[in-house]
Amino acid sequence: MKYRVENLILAHIGVSFATLAAAAVLGAWQMTVRSGIDPPFATPETYFASVSAHGTIMGYVMPTLFTMGFGYFVAVTALDQPLPSMRLAWAGFWLAAVGTVAAIVPIVMGKATVLYTFYPPLTGSVFYYLGVLLIVVGSWAWVALMIWAMAIWKRDNPGRPVPLAMFGTVTNAYLWLWTTGGVAVEIIFQLIPASLGWTQMIDVGLARTLFAWTLHPIVYFWLLPAYIAFYTMAPQAAGAPLYSDVMGRLSFILLLLFSLPVGMHHLFMDPEHGTAFKFLQAMLTALVVLPTLLTIFTISASMEIAGRLRGGKGLFGWIAALPWDRPMVLATCLSFVLLGFGGFGGVVNMAYGMNAMIHNTSWVTAHFHLIFGGAVVIMYYAITYQIWPILLGREAADVRPLRLQLWLWFIGIIITTFPWHVLGLLGQPRRIATFDYANPAIAPWQPWVFVSMFGGYLMLASALLFVWNIATLYRARPVGDNRMHYAVAVYPPARLPNALNGFALWNWLVLFLMVVAYGYPLGQFFLMDVYPGLVHRVDIGS
Amino acid sequence: MSTDQDKGPPDRRAEDRLWRFWVSIAAGTFVVASLLVGLVVLPLREEARFDPWGAICRAIGIRKDAPTATGKSSDPPASSVTWSEGTRLGLLAANPASGGTIVKDTCAACHGEAGVSVDPQQFPNLAGQTQEAIFKQLRDFQTGARTSDIMAPIAQALTEAQTKDVAAYFAAQKPVEAVGSSPSVSANIVELAHIGAPARGIPSCYSCHGQSRSGPEEAPVLFGQSASYLEDQLKKFASAERRNDMFARMRTIAKQLSPEEMHGMAMYYGNSRPAKP
Amino acid sequence: MIAVIVVSSFAMAIHPPSHVEAIDPTTLNTNVEFAECNLGTRVNPDGSVTVRIIATQFEFLPRCIPVPKGQQVTFRVTSPDVIHGFFIAGSNANTMVVPGYVAQLRTVFSTAGNYLMPCHEFCGLGHSEMWALVKVLEGAQWKTDASGKASCEIPR
């Protein structure tokens, strides 16, 4: 590969999946505890420490490192130029790596059992918050590099459209910069002073609102690599051009716009906000169906072109004609199915009126595991299957284990999350270690929990098979040509308006929407009489 | 933000203006319409009277009709200690050395100069007990929230600052050494202590009295006490003879324990460090 | 979809609980409205029913909550320590309990029976054991004492 970035990318994605494997083990163990079987080491202390670790890894470590690594890959291959600064990139990696260790160690010691949403007044060890902050700061290095790389390319290629894959990656960089604002302010100004003992009181409503600012767009940050793969890798793998390049750009821009001023739908059930801004943000949340539908339409159209090019006939014949043996094609289809189911659950969550039925029940857990654990992570696997051979210059002789792994994950996530939806409607709360299944009111839950536990073990098996698949690549046969080819549109745009080739307009619009959507909800804590709560340390004692 | 903007030829700038115009119109219309519905239309529907200003205020959480407390509290509060910023800062500022002087004169005869009780069955060991727990009990003896013929006059002779100093002194002492090994108690007692009983809504003892201190501020450390003292206190909570536990936390739990369980718990924690399960 | 939400919000006055009322969590144990003897179910002089609950580590006080069937009930819940969750499983009574605020919601129970009321937000190591029972009573089963207070016991 050109520009010697292999090790940088391998390090990011390698650490990302190593932590994923560990968190998958914890996930399966947690399911076992909830099922009523008493697995070894099950106490409230270990269970909630495990939930904290699982959430911290899957929320902050795994997707961040993956997205960084994938972003470097795209910047180098799509722009065909070196990274602006390898030193900065490695510095970002080491910050994130040290942050990961600093965050995980206190959790393992039982000094940061506050769950990854760290809702104060519960306050854990300062090292936990510093660790998460370091991960975020490390990722800011990546943000800077992506924006910088695109600026260099535009300087060298005036008037030409930025390649779609890079446009999506830089969208994600800006998205992430906006996203991390809320949680960074919460950590720096509220949590770290509290965990150091500098402050004794904490404004709980403010902390929750700042966290909500981050909590929703962070999911779109996780999601965007999958969308980039939909647009620029899946059609290529299927053997067809992309149906429309402009659709892709519009989708990325709309995702940036409608992921940010919407986080208060996580606070529908909160007593510290009035209805007006909850309603506004509910409306803005609903707009996210636009980029989703655009994407499903464009990718389906691209796939139809591919199927027909391969001789598929009739209304649905093209589907059968697609090259299903290729992991990227298979994963894209499976991901769409999961996105569909997950989206359905999400519509209920974001519905201003229906949320009360399922808020903080297993329904919510089911929703985000379907979207993130399902639709997104399955694309992370497919992306890795595509780029890891390029990084190593080696190619798997047999892709059957790869397909098996994707199917296992797909079936596993369905078996895990479908029962959770049912349980949510039955009223099972999330984040509880033990249930009294002897209680007739709860007894009907247990069969569903058992089924979902089985799904959890399928996912664990799939995650381990993935690690195995990647490991065997190191002994696979070398290939000569290991260049990356992205899908090109049927009609590649020769020139684009600035609005579709840059972010100035959109960043201003995000700023406007954020001020409207969060100005009062955040400002009210400084205008009203509010009573802060006493910081509640969980990391002290003998 | 304008750094990545191409400064192109005039037709580009016209194109940019067009984008800016339509994007602003679209976003502005949507936001204004949503706010109009969320801020005015929906809240207006809630009240019979037409009062747009009141509706807007309600929608952003400003209400003039804040409900007032109904009824009077006939009983004194379980404890009048408040876990506020002032209390915590006072505890942090306490002086263990001056607490030690008071202990020597006032407490040592029963609780021992280093907090090791002369008769643990009657007087609890205070060495290594948390500052919050000792302070809270002393204040409760002062106010009568916890009754004791011996402790009431002693506590009443102390100022609030002195109670904090005394608490700081005892908290800094070396905890009582483990006496022998954990007495053998049945498995269900160990489970109750470390896992709890979800069926009965009893959290594990460990979740408040354990090392990680994730529970209420005033929850004391239990190991190092005499088993009979612990059992006695559990019984008093169960019968509500002792009722200085805030929000009836211990009364609620103790009421649900059988006499055998209370005895087992007391044996498990009494005089030894509880073993991990 | 959006239209459905807007119309239903308007027509049925469906709103998420958004009663912004501040209260000092650090002095809650000396607060008159939430004093121990004022907690639980109470029929007010005008006949309306109010239930006051404290959610604290790791219990709801009171743990057993009787309510009448078919009549609007106002719940007022608050916390002195950390964030808790209030949820009556099988109904749409659902709110976060955030220290510093009184979470208030109104609901009508149309079916008699026992409803589980678990804490649905992580509040510490005893979180899993934190639940209460809501008993929806009808007819003669629903009764109050002279002061308008109703109470019940969880069967062992």
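The sole residue among A:THR365, A:THR384, A:THR332 that is within 14 Å of chain C (Cβ to nearest Cβ) and touching a residue at least 60 places away in the same chain (Cβ under 8 Å) is A:THR365. Here is the figure for region A:468-491: residues that are crowded, with 16+ Cβ neighbours inside 10 Å, of a type in the set (A, V, I, L, M, F, W, C) and in a helix (DSSP H, G or I) total 2. Applying the selection to region B:108-159, what residues are open to solvent by 70 Å² or more (accessible area, probe 1.4 Å) and either hydroxyl-bearing (Ser, Thr, Tyr) or in contact (Cβ under 8 Å) with a residue 60 or more places away in the chain (or both)? Scanning region B:108-159 gives B:VAL116, B:GLN121, B:GLN122, B:THR143, B:THR147, B:THR159.
Inspection of region C:51-72 identifies at least one residue that is at pLDDT 90 or above and hydroxyl-bearing (Ser, Thr, Tyr). Evaluating A:ARG495 against the criteria (1) under 27 Å from the mean Cα position of the chain (by Cα); (2) within 11 Å of chain B (Cβ to nearest Cβ); (3) in contact (Cβ under 8 Å) with a residue 24 or more places away in the chain leaves one unmet condition, (1). Taking every residue in region A:206-220 that is assigned to a helix (DSSP H, G or I) and pairing it with any residue that is polar (S, T, N, Q), at least 6 positions away or on another chain, the pairs with Cβ-Cβ distances below 7 Å are A:ALA207/A:GLN190; A:PHE211/A:THR117; A:THR214/A:THR179; A:THR214/A:THR180; A:PRO217/A:THR179; A:PRO217/A:SER259; A:ILE218/A:THR179; A:TYR220/A:SER259. Here is the figure for region A:229-282: residues that are away from chain B (no Cβ under 13 Å) and free of Cβ contacts under 8 Å to residues at least 40 places away in the same chain total 0. Does A:ILE442 qualify as being open to solvent by less than 40 Å² (accessible area, probe 1.4 Å), within 14 Å of another protein chain (Cβ to nearest Cβ), farther than 30 Å from A:PHE279 by Cα and of a type in the set (A, V, I, L, M, F, W, C)? Taking the combined requirement at face value, the residue satisfies it. Residues in region A:129-166 that are open to solvent by less than 10 Å² (accessible area, probe 1.4 Å) and without any contact (Cβ under 8 Å) to a residue 40 or more places away in the chain were compared, and the one that is nearest to the other protein chains (Cβ to nearest Cβ) is A:VAL143.
Screening B:THR163 on (1) touching a helix residue (DSSP H, G or I) at 6+ places or on another chain (Cβ under 8 Å); (2) under 27 Å from B:PHE247 (Cα atoms); (3) touching a residue at least 40 places away in the same chain (Cβ under 8 Å); (4) surrounded by 21 or more Cβ atoms within 10 Å (Cβ to Cβ) shows it passes everything except condition (3).
Yes or no, residue by residue, for (1) more than 25 Å from B:PHE30 (Cβ to Cβ); (2) in contact with an Asp or Glu (Cβ under 7 Å, 6 or more places away or on another chain); (3) part of a helix (DSSP H, G or I):
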site	(1), (2), (3)
A:MET459	yes, no, yes
A:PRO493	yes, yes, no
A:LEU505	no, no, yes
A:VAL515	no, no, yes
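Residue-by-condition table, conditions (1) at pLDDT 90 or above; (2) in a loop (DSSP other than H, G, I, E, B); (3) open to solvent by 20 Å² or more (accessible area, probe 1.4 Å); (4) under 27 Å from B:TRP83 (Cβ atoms):
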site: B:ALA199; (1), (2), (3), (4): no, no, yes, no
site: B:SER214; (1), (2), (3), (4): no, yes, no, yes
site: B:LYS236; (1), (2), (3), (4): yes, no, yes, yes
site: B:ALA248; (1), (2), (3), (4): yes, no, no, yes
site: B:THR252; (1), (2), (3), (4): yes, no, yes, yes
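Of the listed requirements (1) at pLDDT 90 or above; (2) within 14 Å of chain C (Cβ to nearest Cβ); (3) in a loop (DSSP other than H, G, I, E, B); (4) open to solvent by 40 Å² or more (accessible area, probe 1.4 Å), B:GLN173 misses just one: (2). Among the conditions (1) among the aliphatic types (A, V, I, L, M); (2) under 24 Å from the mean Cα position of the chain (by Cα); (3) farther than 23 Å from A:PRO44 by Cβ, A:ILE152 misses just one, which is (2). When A:ALA226 is tested against the conditions (1) within 21 Å of A:THR365 (Cα to Cα); (2) modelled with pLDDT of 95 or more; (3) open to solvent by 10 Å² or more (accessible area, probe 1.4 Å); (4) not aromatic (Phe, Trp, Tyr), the lone failure is (3). Taking the conditions exactly as written (open to solvent by less than 20 Å² (accessible area, probe 1.4 Å), at pLDDT 95 or above and either of a type outside the set (Asp, Glu) or closer than 16 Å to A:ALA240 by Cα (or both)), does A:MET379 satisfy them or not? For A:MET379, the condition - open to solvent by less than 20 Å² (accessible area, probe 1.4 Å), at pLDDT 95 or above and either of a type outside the set (Asp, Glu) or closer than 16 Å to A:ALA240 by Cα (or both) - is met.
Every residue, every condition in (1) within 21 Å of A:PHE118 (Cα to Cα); (2) within 14 Å of chain C (Cβ to nearest Cβ); (3) open to solvent by 20 Å² or more (accessible area, probe 1.4 Å), yes or no:
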residue	(1), (2), (3)
A:LEU20	yes, no, no
A:GLY27	yes, no, no
A:ARG34	no, yes, yes
A:PHE41	no, no, yes
A:TYR47	yes, yes, no
A:THR56	yes, yes, no
A:GLY59	yes, no, no
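Name the residues in region C:47-88 that are open to solvent by 20 Å² or more (accessible area, probe 1.4 Å), more than 9 Å from chain B (Cβ to nearest Cβ), outside any strand (DSSP E or B) and not hydroxyl-bearing (Ser, Thr, Tyr), would you? Answer for region C:47-88, where residues must be open to solvent by 20 Å² or more (accessible area, probe 1.4 Å), more than 9 Å from chain B (Cβ to nearest Cβ), outside any strand (DSSP E or B) and not hydroxyl-bearing (Ser, Thr, Tyr): C:GLY47, C:LYS69, C:GLY70, C:GLN71. Screening B:VAL190 on (1) over 30 Å from C:THR30 (Cβ atoms); (2) open to solvent by 40 Å² or more (accessible area, probe 1.4 Å) shows it passes everything except condition (2). It is to be established whether one or more residues within region A:407-428 are within 22 Å of the chain's Cα centre (by Cα), within 14 Å of chain C (Cβ to nearest Cβ) and not in a helix (DSSP H, G or I). No. Candidates B:ALA187, B:ALA157, B:ALA219, B:ALA133: the one that is at pLDDT 90 or above and over 23 Å from C:THR56 (Cβ atoms) is B:ALA157. Residue count for region C:52-66 satisfying the condition of being over 10 Å from the mean Cα position of the chain (by Cα) and of a type in the set (Val, Ile, Thr): 1. For C:ASN94, indicate whether it is within 15 Å of the chain's Cα centre (by Cα) and open to solvent by less than 10 Å² (accessible area, probe 1.4 Å). Answer is yes for this residue. Go through the residues of region A:517-532 one by one and say whether even a single one is surrounded by 20 or more Cβ atoms within 10 Å (Cβ to Cβ), part of a helix (DSSP H, G or I), under 28 Å from the mean Cα position of the chain (by Cα) and more than 10 Å from chain B (Cβ to nearest Cβ). Yes. Would you call C:THR144 in contact with a strand residue (DSSP E or B) (Cβ under 8 Å, 6 or more places away or on another chain), open to solvent by 20 Å² or more (accessible area, probe 1.4 Å), modelled with pLDDT under 95 and over 30 Å from A:PHE48 (Cα atoms)? Taking the combined requirement at face value, the residue satisfies it.
Listed by first and then second residue, the pairs linking a residue in region A:342-360 that is more than 12 Å from C:PRO16 (Cα to Cα) to a residue that is among the basic types (Lys, Arg), with Cβ atoms under 8 Å apart and 6 or more places separating them unless they lie on different chains, are A:ASN360/A:ARG430; A:ASN360/A:ARG431.
The values are calculated or read from the model by the stated rules, or taken from the named source; none is laboratory data. Remember, it's a predicted structure, so these values are computed and weren't measured experimentally. Positions of Cβ are generated from backbone atoms using ideal geometry, with glycine treated the same way; all protein chains shown enter the neighbour counts. Note: areas computed on protein heavy atoms with side chains; ligands, DNA, RNA excluded. Shrake-Rupley method; radii C 1.70, N 1.55, O 1.52, S 1.80 Å.
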